[in-house]
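First the structure, in the form of structure tokens, and then the observations on it.
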């Protein structure tokens, strides 16, 4: 406890200095966070592994990290764990990470932040130990299998947004505990010249891989998921939220909602309900004639006026039938 408290106390004191090393990455993540979430409720299962690979160090821990990062990035309307009964009950899709190739890494030398770490080390000693100063080349292969809904057992296909490794920068305290040989060495040597603890380094690299894999997955889900899984034939339809943007903050009163459903067959009826109460807000029937031919499929524009939303967050489930029963999930916040 004393060790943890000391690390957190010192880390707060140098946070402003450390932020300069990650500005460009933070800007990209901030921009991604601002984009509308994909209109789906996603459940994530623990990681599995290819034959002969032991996922014990990843498994549920990677799943939990993935869920946290996807939530922070506002990647989808709803994200939860497969072990959460409520989340699984309302899932549009189930995602299972799969470790195809175990993580391997090697030290690649100093990172771009070495000068900041060295400068702070010279001036404050402790300040330089929190700045990324060492680069590691990481090789790992992670894929994602996608299933539809809570009851589907057969995978629909592999999501084309796996993670294949990257260069990961670590600070001294990402590689060492406070009470360690490395800390003693840092009293006379700059942090990027000290020895590192293998297990601490490996755990930090796994955390870094999980974060980067989550960002890449969030980019795919927000920007390409609907088009990608539909174009590849993984799912028979695509739903777009034309007005307002999914995840938007809206004024109280009637919601003017406009959806577009593209599919391989015509959509004949659409039902929208509140997830928390089950109240049906709209049920449109006899829509077949309103589907217009587009390419090899059909497209339906559906303007709706919804009453019954409450102040705060509203999660709405859209159910419709194409060649199979499908669902998508929307989220709006009434001001």
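The values are calculated or read from the model by the stated rules, or taken from the named source; none is laboratory data. Since the structure is predicted, the reported quantities are computational estimates derived from the model, not experimental observations. Reconstructed Cβ throughout: ideal geometry from the backbone, glycine too, with neighbour counts over all protein chains shown.
Across segment 102-116, which residue is modelled with the lowest pLDDT among those that are under 21 Å from residue 198 (Cα atoms) and touching a helix residue (DSSP H, G or I) at 6+ places or on another chain (Cβ under 6 Å)? Before you say what the answer is, go through the steps one by one.
Let us first name the residues in segment 102-116 that are under 21 Å from residue 198 (Cα atoms), namely 102-111, 114.
Checking the rest, the ones that are also touching a helix residue (DSSP H, G or I) at 6+ places or on another chain (Cβ under 6 Å) come to 105, 110, 114.
Details: 105: 90, 110: 91, 114: 87.
Out of the qualifying residues, it is 114.
If we scan segment 41-60, do we find a residue that is over 12 Å from the mean Cα position of the chain (by Cα) and within 23 Å of residue 276 (Cβ to Cβ)?
In the first step, residues of segment 41-60 are kept if they are over 12 Å from the mean Cα position of the chain (by Cα); the result is 41, 45-60.
Imposing the further condition that a residue be within 23 Å of residue 276 (Cβ to Cβ) reduces the set to 41.
Yes: one or more hits.
Residues 188, 234, 272, 261: which one is in a loop (DSSP other than H, G, I, E, B) and either in contact with a strand residue (DSSP E or B) (Cβ under 8 Å, 6 or more places away or on another chain) or farther than 30 Å from residue 137 by Cα (or both)?
On the way: 188 fails: either in contact with a strand residue (DSSP E or B) (Cβ under 8 Å, 6 or more places away or on another chain) or farther than 30 Å from residue 137 by Cα (or both); 272 fails: in a loop (DSSP other than H, G, I, E, B); 261 fails: in a loop (DSSP other than H, G, I, E, B).
Selected residue: 234, the only one of 188, 234, 272, 261 that is in a loop (DSSP other than H, G, I, E, B) and either in contact with a strand residue (DSSP E or B) (Cβ under 8 Å, 6 or more places away or on another chain) or farther than 30 Å from residue 137 by Cα (or both).
Given the criteria within 29 Å of the chain's Cα centre (by Cα) and part of a helix (DSSP H, G or I), does residue 220 qualify?
On the way: within 29 Å of the chain's Cα centre (by Cα): yes; part of a helix (DSSP H, G or I): yes.
Yes, satisfied.
Scan segment 270-294 and report the pairs whose first residue is crowded, with 16+ Cβ neighbours inside 10 Å and whose second residue is not in a strand (DSSP E or B), with Cβ atoms within less than 6 Å and a gap of 6+ or a chain change.
275/90; 281/308; 287/267; 287/268; 291/266
How do the strands (runs of 3 or more DSSP E) wholly within segment 286-330 filter down when requiring 3 or more residues that are under 23 Å from residue 148 (Cα atoms): which remain?
Working: elements: 292-294, 297-306, 312-321.
Strands (runs of 3 or more DSSP E) meeting the threshold: 297-306, 312-321.
Which condition does residue 199 not pass, out of (1) in a helix (DSSP H, G or I); (2) surrounded by 14 or more Cβ atoms within 10 Å (Cβ to Cβ), if it passes all the others?
The failed condition is (2).
For segment 179-192, how many residues meet the condition of being surrounded by fewer than 16 Cβ atoms within 10 Å (Cβ to Cβ) and under 26 Å from residue 103 (Cβ atoms)?
1
So which of 226, 247 ends up being in a helix (DSSP H, G or I), closer than 24 Å to residue 34 by Cα and either in contact (Cβ under 8 Å) with a residue 60 or more places away in the chain or in contact with a helix residue (DSSP H, G or I) (Cβ under 7 Å, 6 or more places away or on another chain) (or both)?
Every option except 226 fails the conditions.
With closer than 25 Å to residue 219 by Cα, modelled with pLDDT under 85, within 17 Å of the chain's Cα centre (by Cα) and surrounded by 18 or more Cβ atoms within 10 Å (Cβ to Cβ) as the only criterion, which of 159, 76 stands out? If you could, list the steps in order and put the result at the bottom.
Numbers: 76 fails: modelled with pLDDT under 85.
Only one candidate passes the filter, namely 159.
Would you please name the residue that is surrounded by the most Cβ atoms within 10 Å (Cβ to Cβ), looking only at residues in segment 295-322 that are touching a strand residue (DSSP E or B) at 6+ places or on another chain (Cβ under 8 Å) and more than 25 Å from residue 279 (Cβ to Cβ)? Spell out the reasoning first.
Looking only at segment 295-322, we keep the residues that are touching a strand residue (DSSP E or B) at 6+ places or on another chain (Cβ under 8 Å), and these are 297-320, 322.
Those left that are additionally more than 25 Å from residue 279 (Cβ to Cβ): 297-299.
Details: 297: 17, 298: 20, 299: 18.
So the residue we want is 298.
Do we find that residue 267 is touching a strand residue (DSSP E or B) at 6+ places or on another chain (Cβ under 6 Å) and assigned to a strand (DSSP E or B) in this structure? Reasoning before the result, please.
Values: touching a strand residue (DSSP E or B) at 6+ places or on another chain (Cβ under 6 Å): yes; assigned to a strand (DSSP E or B): no.
When the stated conditions are applied, residue 267 does not pass them.
Is there a residue being touching a strand residue (DSSP E or B) at 6+ places or on another chain (Cβ under 8 Å), modelled with pLDDT of 90 or more, surrounded by fewer than 18 Cβ atoms within 10 Å (Cβ to Cβ) and not assigned by TED's automatic domain parsing to the domain that holds residue 240 anywhere in segment 46-53?
Within segment 46-53, none of the residues are touching a strand residue (DSSP E or B) at 6+ places or on another chain (Cβ under 8 Å), modelled with pLDDT of 90 or more, surrounded by fewer than 18 Cβ atoms within 10 Å (Cβ to Cβ) and not assigned by TED's automatic domain parsing to the domain that holds residue 240.
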